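Peer 1: Can you read through this structure? Questions will come right after.
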Amino acid sequence: MVETSKIQRISDLDTVVDCDFHLVERQSDILPYIEEPFNKMLSRSTGDDYGYLSNLYPTPGFLTPVTTGKVQSETVRSPEDVRRGMEMLETDRSVLTPTQNLYLACVHHDELAGALAGAYNEYLLDTFIEPNEGLYGAVVVPPQKPQRGAEEIEKHGDEDGIIAAFVPSGGVHPPLGNSQYEPIYEAAESKGLPVMMHNAAGTMMKNFPQQFHGLDRYLSTHVPAHAMQHMVNLSSMITQGIPVKYPELNFIIQEAGIGWIPYFMRRFDAEYSGKREDAPMLNQQPSDYIRDQFYFTSQPLEGADDPAYIEHTLRLFDGGNNLMFSSDYPHLDFDHSDELLKMLRGKFSDEEIENIYGQTALSVYDF
Amino acid sequence: MSDTTTDKKRYFVASTAELESNDRVIAEIQGREIAVFDVDGEYYAVANYCVHQGGPACEGLLSGTVTVNEEMELSYDQEGEVVACPWHGWEFDVKTGEHLASSEYVLPTYDVVVDDCKVYVEL
Ligand code: FES
């Protein structure tokens, strides 16, 4: 129990960094930036009279509360939209992340995926990035084309306001420990950028197609999707020694809640004891790499009606140093800024709370 | 405790005609935003502050909800009696303020009086 907490509300915090503020870019917003030959291929004015063949990003066809109108999400397609959201959330800096491009790894044409990533990055820089106003972003890399991803990082990594690389990690195949992804890690490490990993529930349709079809509802898909895809990628990355090969590289794992983190660390250590030969590159416990090089964003915070659960869980993975606040605004399960703070007050020190809400992000991202 | 009207005050919200054409009216009363819903001529007053994360719960879609009948087939029920908070879609029964997924969460409700085609909330 911490006795004296000066931090009562969001405005008492020194700096609030929101590690996951989504643009809701449309395909039509980024196509004007696409390179040849896709620009020519896509510049026709007629062609798709079916109404869906023009979608370059596969969609899962979910029936969601947004579809039915029960959730009325805000749009974020201009810097003004970002400012409005930041005002509501009382944040100082936003790390802008995509929405449509969360599905990039599902795009059914590898060269096109590379071109779409390139177009998104140009669109991001051209339309949104404004460090003076707290608008920062991450270079999106196409998992299908790791070399192209590395080139995107090389090209934009030094620009003002680009503070991370972003891997749309849902739907990647093979998982992210495979050596084919090393150009991405190498480029990010050399530019001093952390690698953000973010799934979308619907991307399960690609790497877990049987489960996706079997689940047959948005709810039953969304509950396991984020954490299970992260567990698969982390399992692959740590077993293949990615953190050992890139010791200066940090990873930011997003949008899967918190309870699975201490579980995963302990399970990994327990398994490693008897199966070390599968991971001969490691020279510490698997959980040590997670503690040193992996950071986690807070939303969607499960158990917010159970303060003891939150306190206990955060303590079990050193959340005071490894957890970073994120809102996920304007998606349908976004967290308002004070949701987590209510749980931390009186239980965590002011320093830990400042870390979670901004200080850790200020050191992990390349601000 | 049935006769507490003596220490309660009435606050005008809208005329019955206005409510009939709008299905709900949100008024600010004593610093609280309170929505009054018209469900087939019956009036229900509910706080416009979501018990989840403080969203404007009563400003969202007013509709029915999916349920199952006795044969466990999907059906649609409570048309016009369910408001969904626009932030995360929590559904509330406007007659009771209860959250449909868990009755532990309830939006505060208030008494409504109709007098001479005028609708009042009592606080
Ligand atoms: S604030 Fe109302 S549903 Fe979340």
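The values are calculated or read from the model by the stated rules, or taken from the named source; none is laboratory data. Bear in mind the structure is a predicted one, so any value in this text is a computation, not a measurement. FYI the Cβ positions are ideal-geometry reconstructions off the backbone, even for glycines, and counts take in every protein chain you see. Surface areas here come from the heavy atoms of the whole protein model, side chains and all, with no ligands, DNA or RNA. Shrake-Rupley method; radii C 1.70, N 1.55, O 1.52, S 1.80 Å.
Peer 1: Chains A and B: how much accessible area gets covered up at their contact, both sides added, probe 1.4 Å, in Å² to the nearest hundred? Intermediate results must be reported in sequence, preceding the final value.
Peer 2: Details: alone 15900 and 7430 Å², together 22200 Å².
The summed interface area works out to 1100 Å².
Peer 1: Report the accessible area of A:Thr127, computed with a 1.4 Å probe over the heavy atoms of all protein chains in place, in Å² rounded to the nearest 10.
Peer 2: 40 Å²
Peer 1: Which GluC sites (Glu not before Pro) in the stretch A:226-300 sit in a loop by DSSP (not H, G, I, E or B) and have at most 14 other Cβ atoms within 10 Å of their own Cβ?
Peer 2: Details: sites: A:Glu248, A:Glu255, A:Glu271, A:Glu277; in loops: A:Glu248, A:Glu255.
Passing sites in the stretch A:226-300 are A:Glu248.
Peer 1: Grab the alpha carbons of the stretch B:10-122, take their convex hull, and tell me the volume per residue in Å³.
Peer 2: Given the Cα convex hull of the stretch B:10-122, per-residue volume reads 102 Å³.
Peer 1: Moving to a separate point now. Provide a list, ordered by number, of residues in the stretch A:68-82 showing at least 20 Å² less accessible area with every protein chain present than when their chain is taken on its own, using a 1.4 Å probe.
Peer 2: A:Lys70, A:Val71, A:Gln72
Peer 1: Leaving out ligands and nucleic acids, note down the accessible area per residue over the stretch B:10-122 with a 1.4 angstrom probe, in whole Å².
Peer 2: Working: 5840 Å² over 113 residues.
Value returned for the stretch B:10-122: 52 Å² of accessible area per residue.
Peer 1: How much net charge surrounds A:Asn55 when only the other residues with a Cβ under 11 Å from the Cβ of A:Asn55 are counted, with Lys and Arg +1 and Asp and Glu -1? Walk me through the numbers before you get to the answer.
Peer 2: Values: positive: A:Arg26; negative: A:Asp48.
In short, 0.
Peer 1: Right, another one. Given the rule -39500 (n - 2.57) for each run of at least 4 DSSP H residues, summed and divided by the residues of the protein assembly as shown, what is its mean residue ellipticity at 222 nm, to the nearest 500 deg cm²/dmol? Intermediate values should be presented prior to the final figure.
Peer 2: On the way: 19 runs with 162 residues, N = 490.
Per the formula, -9000 deg cm²/dmol.
Peer 1: What does the accessible area per residue of the stretch A:10-364 come to in Å², with a 1.4 Å probe and no ligands, DNA or RNA counted? Working shown, then result.
Peer 2: On the way: 14280 Å² over 355 residues.
For the stretch A:10-364, the per-residue accessible area is 40 Å².
Peer 1: List nothing, just return the count: lysine pairs in chain A, 8 or more apart or interchain, with Cα separation under 22 Å.
Peer 2: Lysine pairs satisfying the spacing and distance rule in chain A number 10.
Peer 1: Continuing with this model, one more query. Counting other Cβ atoms within 10 Å, keep those with at most 10, restrict to DSSP loop, and tell me which GluC sites (Glu not before Pro) in the stretch B:20-123 are left.
Peer 2: Values: sites: B:Glu20, B:Glu28, B:Glu33, B:Glu42, B:Glu59, B:Glu70, B:Glu71, B:Glu73, B:Glu79, B:Glu81, B:Glu91, B:Glu98, B:Glu104, B:Glu122; in loops: B:Glu70, B:Glu71, B:Glu73, B:Glu104.
Counting only loop positions with at most 10 other Cβ atoms within 10 Å, the GluC sites (Glu not before Pro) in the stretch B:20-123 are B:Glu70, B:Glu71, B:Glu73, B:Glu104.
Peer 1: Then there's this: With +1 assigned to the C-beta of every Lys and Arg and -1 to the C-beta of every Asp and Glu, and no other charges, what is the dipole magnitude of the protein assembly as shown about the Cα centre in debye, to the nearest 20?
Peer 2: On the way: 33 positive and 81 negative charges, 241 e Å.
With only Lys, Arg, Asp and Glu charged at Cβ, the dipole is about 1160 debye.
Peer 1: Please express the shape of chain A as an equivalent ellipsoid: the semi-axes are the square roots of 5 times the eigenvalues of the C-alpha gyration tensor, given largest first in whole angstrom.
Peer 2: Working: eigenvalues 187, 124, 87 Å².
Listed largest to smallest, the semi-axes of chain A are 31, 25, 21 Å.
Peer 1: Work out which residues of the stretch B:55-92 lose at minimum 50 square angstrom of accessible surface when the other protein chains are put back, relative to the chain isolated, with a 1.4 angstrom probe, and list them by number.
Peer 2: Residues losing area: B:Leu61, B:Pro86, B:Trp87, B:His88.
Peer 1: Can you give the FRET efficiency to the nearest 0.05 for A:His109 and A:Met281, using r as the Cβ-Cβ distance and R₀ = 35 Å?
Peer 2: On the way: r = 34 Å, r/R0 = 0.97.
So, using R0 = 35 Å, E works out to roughly 0.55.
Peer 1: Follow-up. Quick check: Cα centre of the stretch A:22-57 to Cα centre of the stretch B:68-97, how many Å?
Peer 2: Comparing the Cα centres of the stretch A:22-57 and the stretch B:68-97, I get a distance of 38 Å.
Peer 1: As an exercise, use a Förster radius of 22 Å and the Cβ-Cβ distance of A:Met88 and A:Thr68 to find the FRET efficiency, rounded to the nearest 0.05. Provide the component values of the computation, followed by the final result.
Peer 2: Values: r = 24 Å, r/R0 = 1.08.
That pair, A:Met88 with A:Thr68, gives E of 0.40.
Peer 1: Here is a follow-up. Among B:Val68, B:Ala14, A:Phe348, whose Cα projects farthest towards the positive end of the dipole of the protein assembly as shown, with charges put on the beta-carbon of Lys, Arg (+1) and Asp, Glu (-1)?
Peer 2: Checking the options against the dipole of the protein assembly as shown, the answer is A:Phe348.
Peer 1: Any idea what the alpha-carbon Rg over 2.2 N^0.38 Å comes to for the stretch A:68-200?
Peer 2: On the way: Rg = 15.1 Å, N = 133, 2.2 N^0.38 = 14.1 Å.
After normalising by residue count via 2.2 N^0.38 Å, the value is 1.07.
Peer 1: Counting only Cα, what are the radius of gyration and maximum Cα-Cα distance Dmax of the stretch A:326-366, in Å?
Peer 2: That works out to 11.6, 31 Å for Rg and Dmax.
Peer 1: In square nanometres, what is the average projected area of the Cα convex hull of the stretch A:217-340?
Peer 2: Working: hull surface 33.7 nm².
Quarter of the Cα hull surface area: 8.4 nm².
Peer 1: Let me ask you something else. Please list A:Met88, B:Met72 from largest to smallest accessible area, probe radius 1.4 Å, with all protein chains kept in place.
Peer 2: On the way: A:Met88 60, B:Met72 140 Å².
Heavy-atom accessible area, descending, gives B:Met72, A:Met88.
Peer 1: If packing is taken as the mean number of other Cβ atoms within 10 Å per residue, what is the order of B:109-118, A:15-24, highest first? Don't jump to the answer; show the numbers that get you there.
Peer 2: Values: B:109-118: 13.5, A:15-24: 24.6.
So the order, starting with the most tightly packed, is A:15-24, B:109-118.
Peer 1: Could you work out the percent of alpha carbon pairs in the stretch A:129-269 separated by over 25 Å, rounded to a whole number? Present the calculation step by step, with values, prior to reporting the outcome.
Peer 2: Details: 2979 of 9870 pairs.
Tail fraction, whole percent: 30.
Peer 1: Quick one: check the C-alpha center-to-center distance for the stretch A:274-291 versus the stretch A:82-104, whole angstrom.
Peer 2: Centre-to-centre distance over Cα atoms comes out at 35 Å.
Peer 1: Which of A:Asp278, A:Asp350, A:Asp328 ends up with the largest GNM mean-square fluctuation for chain A, with Cα atoms connected below 10 Å?
Peer 2: The residue with the greatest mean-square fluctuation here is A:Asp278.
Peer 1: Using a 1.4 Å probe and ignoring any ligands, DNA or RNA, find the accessible area of A:His312 and quote it in Å² to the nearest 10.
Peer 2: 120 Å²
Peer 1: Mind checking Rg over Rh on the stretch B:56-112, alpha carbons, Kirkwood formula for Rh?
Peer 2: Values: Rg = 11.9 Å, Rh = 11.9 Å.
With Rg and the Kirkwood Rh in hand, the quotient comes to 1.00.
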